[in-house]
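Bear in mind these aren't lab numbers, they're just calculated from the coordinates by the rules spelled out. All figures in this text were calculated on a predicted structure; none of them were measured in a lab. Every residue, glycine as well, gets a Cβ built from its backbone with ideal geometry; the counts of neighbours run over all protein chains shown.
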Amino acid sequence: MSKTAAAAAISTKCSFTNGAAELLFFRVYTQRDLFADVSKERRAVVITIGNYVKPKSLEEAYELNQARSSRVMGGMMWMRLGNARVKTVIDLSGLGLDQIEDEGNVIRIGAMCTLRQIEQCEALKDLCGDGIAECVRHIVGVQFRNQATIGGSIYGRFGFSDVLTAFLALDTFVELYDGGTIRLSEFVNRKPDKDILLSVIVRKSKRKFRYASIRQTKTDFPVIACSVVTGMVHGKETWYFSVGARPMKAALLEKQWEIPADASEAMISDYAGQAASEFTYGSNMRGSAEYRRHLAEVLIRREMTSILAEER
Ligand SMILES: Cc1cc2nc3c(=O)[nH]c(=O)nc-3n(C[C@H](O)[C@H](O)[C@H](O)COP(=O)(O)OP(=O)(O)OC[C@H]3O[C@@H](n4cnc5c(N)ncnc54)[C@H](O)[C@@H]3O)c2cc1C
């Protein structure tokens, strides 16, 4: 078999409709020579991996990850699209991080749980209604969501992330191997480091949750994503607004607003306008900053209206 034919036989090609990547070659570093011809011909985006390790303990995983050229792998759905040379890739799949546990006061989602597990989780449905399923339902397709993980989605802090936008508005914490348990709102603003995300913890606070996004086409990245949550916090009615895909990573706004359940449309519009105006927006190929601000106001108004209607 010629080098090119052999390379073609063992390489994996993936094409995506949402413009994230047209073509991908995923290969192992030790096969470099075999692939030399193909790389020259195609100039594809390539991740090159030297060693694959499946650690037996979290400690081992953390130690391995301290090397500059090591990377933890979640579902590899995003990472494999990058153009990087990774010496050691660390697979966390043998460490029991793939369960969602209802622990009474909290729901603990292991970092290796897939987006599909989250979409179908009854405990999250009881807590948040259809909001969590709604936040992942547009992400590519079921087969994709069966591989992409919550750990990769939250750790990545992607500017387009539906998942981050939704969980940020909830009473959410992240458990890190070295950094302990901290609020997601704190984690989101931290620079990426070499820690390992072990789980995402959602406190079962009595809150109402809504999630909505706008996409130009089905399965594309969102043009804007908004989450609204409300509940009593320290005896005060508190509203949380999270807006993502601005196109910057999601940000959180907290307001102690007492809004009557029978508030008029005009009143809700005023609140929604005020909330939307407190975020910053940017422009890209999917929309201008002004358009995004307008969409955020519309989505927030709809979500507030829906929550207030439930209270009547
Ligand atoms: C084509 C495409 C379309 C997408 N569309 C959307 C969309 O519309 N909305 C949306 O919200 N998301 C979207 N995503 C993102 C997707 O949902 C996942 O968030 C993404 O693939 C990362 O998850 P993963 O499990 O594949 O992580 P990986 O690709 O394996 O890892 C991503 C990053 O996180 C690190 N990492 C992974 N797990 C851990 C951990 N436990 N601790 C520390 N670091 C870790 C990795 O080292 C890497 O840097 C899209 C992705 C792709 C490829």
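Against the main long axis of the alpha-carbon atoms of the chain, helix 32-42 sits at an angle near 60°. Once the Cα atoms of helix 265-277 and of the chain are each reduced to a long axis, what angle between those two axes, in degrees from 0 to 90 to the nearest 10, is obtained? For helix 265-277, the angle is close to 40 degrees. Residue exposure proxy: 299, 253, ordered by other Cβ atoms within 10 angstrom of their Cβ from fewest to most, comes out as 253, 299. A cut-off under 13 angstrom between Cβ atoms defines the neighbours of residue 312, and their net charge, with Lys, Arg +1 and Asp, Glu -1, is -2.
For region 61-77, 3J(HN,Hα) computed residue by residue from phi via the Karplus equation (6.51, -1.76, 1.60; θ = phi - 60°) reads 4, 5, 4, 4, 6, 6, 5, 4, 9, 8, 9, 6, 10, x, x, 6, 6 Hz, glycine and proline entered as x. Amide H contacts for residue 106 (H built 1.01 Å from N in the peptide plane; partners 5 or more residues away or on another chain; cut-off under 5 Å): 204. Between residue 102 and residue 218, residue separation times 0.36 nm minus the direct Cα-Cα distance comes to 38.5 nm. The phi-based Karplus calculation (6.51 cos²θ - 1.76 cosθ + 1.60; θ = phi - 60°) puts the 3J(HN,Hα) values of region 208-224 at 9, 10, 10, 9, 8, 9, 10, 10, 6, 9, 3, 6, 6, 4, x, 7, 7 Hz, whole numbers, x for Gly and Pro. For the pair residue 126 and residue 68 in one chain, pulling the backbone fully straight at 0.36 nm per residue adds 16.7 nm over the alpha carbon distance. Taking label points 7 Å from Cα along the Cα-to-Cβ direction, residue 83 and residue 306 give a separation of 4.0 nm. Placing R0 at 41 angstrom, the Cβ-Cβ distance between residue 54 and residue 204 gives a FRET efficiency of 0.80 after rounding to 0.05. Per the Debye formula on identical point scatterers at the alpha carbon atoms of the chain, with no solvent, log10 I(q)/I(0) at q = 0.09, 0.10 Å⁻¹ is -0.50, -0.61.
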